[in-house]
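So the structure is just underneath, and the comments pick up after that.
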Amino acid sequence: MVNDSSDYIIPVDRYTVGKAAITIANAFSGDPGIPYALPDPAKQANLHHIIAYNLKLDLMNGGRIYAVSPECEGVACWHTPDVTSSWLNKLRAGYLRLPFYGGLHYMRYAHQEDCFYARLKSKHAPERCVYLALLGVDPEHQGKGHGGKLIRHMLQFADSQSLPCYLETQNMKNVNMYSSFGFKLKESTCFPPGSECEAHIMIRDAVYKKPFYTFSGVS
């Protein structure tokens, strides 16, 4: 079981989601998949708006978003098994503004990407699991252990519920990091298919607590 009482984590709410979105956008600004999703450099400048929509939607759907401080230098978004989605929440989160931020190409690309990863999740993930939807640390604050704090925090919850964990990562370097937390690589592929953009699927098995027995009256 993962435990580190020194980890200080706070929940992200609707008041801090803007800062969290900027952190994630900065963390993914050099991702090779960004030009595929947003080929227009002018639209790439709107990445933080697109991420803010997704974070708002996750909060409305019951997702858990955490940061390492009120300044949100590092952010993680997790989905527990009780997370649900609805079109009403999408509209409330700002879905109708997405074509303005990303353009029609982005809308098509995002739909294809969602379907691609949904198939992989259906193939590999247990029906009930904790899903790491997003993890990012601002480049200026990387190397300070923020990512590890964010991971350990939610793994404690998963272990307390005996739930497995599932994630996708686009960087082989991250595969080694997640492996140190007990995740195992299940499949490596690319999205878009045939591109240089990696997609690695990892699972951490459930940790089952051993029952605690007490015996009395034994002579």
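Laboratory data are not the source of any read-out in this text; all were calculated from the coordinates shown. Here the structure is a predicted model, which is why all the values come from computation and not from measurement. Note: ideal-geometry Cβ built from the backbone for every residue, glycine included; neighbour counts use all protein chains shown.
So the values come out like this:
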read-out	value
Hull shadow area, averaged, the range 122-190 [alpha-carbon convex hull, nm²]	5.1
Whole-percent pair-distance distribution, where bins are 10 Å wide, for the alpha carbons of the range 43-127	15, 42, 37, 6
Count, lysine Cα pairs under 17 Å in the chain, 8 or more residues apart or across chains	9
Spacing of the two label points (7 Å from each Cα toward its C-beta) at Gln142 and Cys190, in nm	2.2
Amide hydrogen neighbours beyond the local backbone of Cys197, cut-off 5 Å, H modeled	Phe191
Rg/Rg_ref, the range 10-162, where Rg_ref = 2.2 N^0.38 Å and atoms are Cα	1.03
Candidates His111, His200, His49, ranked by Gaussian network fluctuation over the chain, Cα under 10 Å, top entry	His111
Within a Gaussian network of the chain (alpha carbon springs, distance under 10 Å), most fluctuating of Thr189, Thr169, Thr80	Thr189
